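**Q** I'd like to ask some things about the structure below.
The values are calculated or read from the model by the stated rules, or taken from the named source; none is laboratory data. Given the structure is predicted, the values throughout are model-derived calculations rather than measurements. So basically every Cβ, Gly included, is an ideal-geometry build from the backbone, and we count neighbours across all protein chains shown. With ligands, DNA and RNA removed, areas are computed over all heavy atoms of the protein, side chains included. Shrake-Rupley method; radii C 1.70, N 1.55, O 1.52, S 1.80 Å.
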There are 2 protein chains.
Amino acid sequence: MKVGVFDSGIGGLTVVKSLLEHQLFEEIIYFGDTARVPYGVKDKNTIVRYSLEALEFFKNFEIDLLITACNTVSAYALEEMRAQAPFDVIGVVEPGIIATKNALTNSDANVLVLGTQATIASKAYETLLAAKGFNNTTAKATGLFVPIIEEGLFTGEILESTMEHYFKDLDHPDGIILGCTHFPLIADAIVDYFNNNVILIHSGEAIVEYLETHYEFTQKHHEPKIKFFASENPEALRKVAHNWLDLPDEK
Amino acid sequence: MKVGVFDSGIGGLTVVKSLLEHQLFEEIIYFGDTARVPYGVKDKNTIVRYSLEALEFFKNFEIDLLITACNTVSAYALEEMRAQAPFDVIGVVEPGIIATKNALTNSDANVLVLGTQATIASKAYETLLAAKGFNNTTAKATGLFVPIIEEGLFTGEILESTMEHYFKDLDHPDGIILGCTHFPLIADAIVDYFNNNVILIHSGEAIVEYLETHYEFTQKHHEPKIKFFASENPEALRKVAHNWLDLPDEK
């Protein structure tokens, strides 16, 4: 199977990492809209418009499936994309909810959803969590984590004071949904902040779990073809991807 | 005179504030490219392309002069915009340099330039400072200030630890060029960090100084017409502008 992965920027590489670890696909086409990143501070009309433009790009490839790695796109534009796509389109919100349900069997569990301003404003996670019977959910826009992570500050004073700013008035959560592709990069710091006593839900892992349930994968692909595209500076994205995903040269 | 003010987002309102205080213009047209903000993390080709699109927008109005309030646009796209504009186009870099020269008469003065990643990478300020004889310049990309300011955190732990991160290894500067329209909002915190012993150069004030030198203003305009446009959610920008600039209803 050939899969497309769409993200507003480089964050979706956390999802690609999970796809590669599980060797699910024969070919992966990645597109990051780096010229217009970030989406998480923009409004619904803009997010839908940009997502449909990305969809047109993916129509140039014969993919079987498109994953929107970006939580903000998944929260706002999935329906519109599905209406115009000749292939399946899967977001990260629904898989995240299923993974949460599997990880936290008690529906009284205290669930904390972290995301960008737009993702949290959509209430996409809260609505689906409520539908699954979770009645103790807190959603918190923690957008400042994105530029801090992009600055490479995965530890240290700035991250610590930002976590304190966002988390200090919250009850201790049982589970945290990392509702932005960037957040897995500070997973260790977040777990540490909550005294190593919290379960994290990661979009990449959730997507793999979802795919393995809903699609049939007949063989493992040890050396998938993978191509990276970006709306600006694709070389920079390729460089990050190759270093970070430990890939051989592009094929 | 009728002026256009172009910025990547809402930051250029710091420049509008200075224009209004000095009552220079009869009419002000503001455009913020909020659908594609921020520019400061993008590359030259993208910045030039977006700036030329904004220029087309301003051609719909009979303006006498266009001010690019955004330092990143001023550093990268001024020449290209001037080549296609039927009116004068003024950036904030050159006025900032002149204001620095006026404020710091000693060319041995230690000058610190703060800006986004793109502005600092352009070396626009350093090059012009060197041409004016300043030989003791440090330029520092402090892009994380932008989202912190947009989060409204003008004081507190996050800002303090971010200033410490960026400033701790620097010599004490005599003057600081605030090379991003957002930075005047944390001017007090920056001055305080440097023990109230530093001169700040602010783009809005520098532009006014420059305009008064290069153009003839025959009368003051107490109640200029002012119109705000944005590439997404113009209502949000208008609301910020009206609150912040203390304006009456739009005319």
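**Q** Cut-off under 17 Å on the C-alpha distance; same-chain residues fewer than 8 positions from B:K140 excluded. Which aspartates and glutamates are left, in chain and number order?
**A** Reachable aspartates and glutamates: A:E150, A:E151, B:E126, B:E160, B:E164, B:D169, B:D171, B:D174.
**Q** Once you've got the GNM for chain A with C-alpha springs shorter than 10 Å, pick whichever of A:H214, A:H172, A:H22 has the biggest mean-square fluctuation.
**A** In this elastic network of chain A, the residue with the biggest mean-square fluctuation among A:H214, A:H172, A:H22 is A:H214.
**Q** Right, next: Using a 10 angstrom Cβ neighbour count of at most 13 plus a DSSP loop assignment to flag exposed GluC sites (Glu not before Pro), which longest range of chain A is free of such sites?
**A** A:63-215
**Q** Also, quick follow-up: What ranking of A:D108, A:D43, B:D88 comes out by heavy-atom accessible area, probe 1.4 Å, highest first?
**A** Per-residue accessible area, sorted high to low, gives A:D108, B:D88, A:D43.
**Q** For the protein assembly as shown, give the magnitude of the charge dipole about the Cα centre (Cβ charges: +1 Lys/Arg, -1 Asp/Glu; no others), in debye to the nearest 20.
**A** Computed charge dipole of the protein assembly as shown: roughly 760 debye.
**Q** In addition: For the pairs A:K17/B:K42; A:K42/B:K132; B:K17/B:K132; A:K44/B:K42; A:K42/A:K220, note any where the Cα-Cα span goes beyond 30 Å.
**A** Over 30 Å Cα-Cα: A:K42/B:K132; A:K42/A:K220.
**Q** Rolling a 1.4 angstrom probe over the protein chains, ignoring ligands and nucleic acids, what is the accessible area of B:S51 in square angstrom, nearest 10?
**A** Looks like 0 Å² after rounding.
**Q** Pairing the Cα long axis of helix B:44-58 with the longest principal axis of chain B, what angle in degrees results, from 0 to 90 and rounded to the nearest 10?
**A** 30 degrees
**Q** 222 nm [θ] for the protein assembly as shown, helices only, -39500 (n - 2.57) per DSSP H run of 4+, per residue, to 500?
**A** Helix-only estimate at 222 nm: -12500 deg cm²/dmol.
**Q** Let me ask another. Rounded to the nearest 20 Debye, what is the dipole magnitude of chain B about its Cα centre when Lys and Arg each give +1 and Asp and Glu each give -1 at the C-beta?
**A** Rounded to the nearest 20 debye, it is 480 debye.
**Q** In nm, one decimal, shortest first: how far is the label point of B:E62 (7 Å from Cα along Cα to beta carbon) from the matching points in the other copies?
**A** 5.9
**Q** Here is a follow-up. Pick from A:N233, A:N110, A:N136: which is most flexible by mean-square fluctuation in a GNM of chain A where alpha carbon atoms under 10 Å apart are linked?
**A** In the Gaussian network model the winner is A:N233.
**Q** Follow-up. At a 1.4 Å probe radius, which order do B:R36, A:R238 fall into by accessible area, largest first?
**A** Descending order: A:R238, B:R36.
**Q** Hey, can you grab everything whose amide H is under 5 Å from the amide H of A:I199? Only 5+ residues off in sequence or another chain; H modelled, so Pro and N-termini drop out.
**A** Amide H neighbours of A:I199: A:G175, A:I176.
**Q** In addition: Treating only the Cβ of Lys, Arg, Asp and Glu as charged (+1, +1, -1, -1), what charge dipole size does segment B:94-203 show about its Cα centre? Round to the nearest 20 debye.
**A** Taking the Cα centre of segment B:94-203 as origin, the dipole is about 460 debye.
**Q** Run the label-point distances for A:D169 please: 7 Å along Cα to Cβ, every other copy, nanometres, shortest first.
**A** The answer, with the shortest distance listed first, is 3.7 nm.
**Q** Specify the inter-centroid distance of segment A:137-197 and segment B:59-112, based on alpha-carbon positions, in whole Å.
**A** 39 Å
**Q** Right, another one. Can you check what the net charge comes to around A:M81, using other residues whose Cβ is under 12 Å from the Cβ of A:M81 (Lys, Arg +1; Asp, Glu -1)?
**A** Result for the local shell: -2.
**Q** I want the antiparallel fraction of DSSP beta bridges within the protein assembly as shown, as a percent rounded to 5.
**A** 0 percent
**Q** While we're here: Among B:K42, A:K168, B:K2, what's the order by accessible area (1.4 angstrom probe), most exposed first?
**A** Highest to lowest solvent-accessible surface, that is A:K168, B:K2, B:K42.
**Q** Please enumerate, by chain and number, the lysines with C-alpha under 21 Å from the C-alpha of A:K59, excluding those fewer than 8 residues away in the same chain.
**A** In chain and number order, the partners are A:K2, A:K225, A:K227, A:K251.
**Q** List the distances, in nm and shortest first, from the label point of B:N136 to the matching label points in every other copy, placing each point 7 Å from Cα along the Cα-to-Cβ direction.
**A** From this label point to the equivalent ones elsewhere in the assembly: 6.2 nm.
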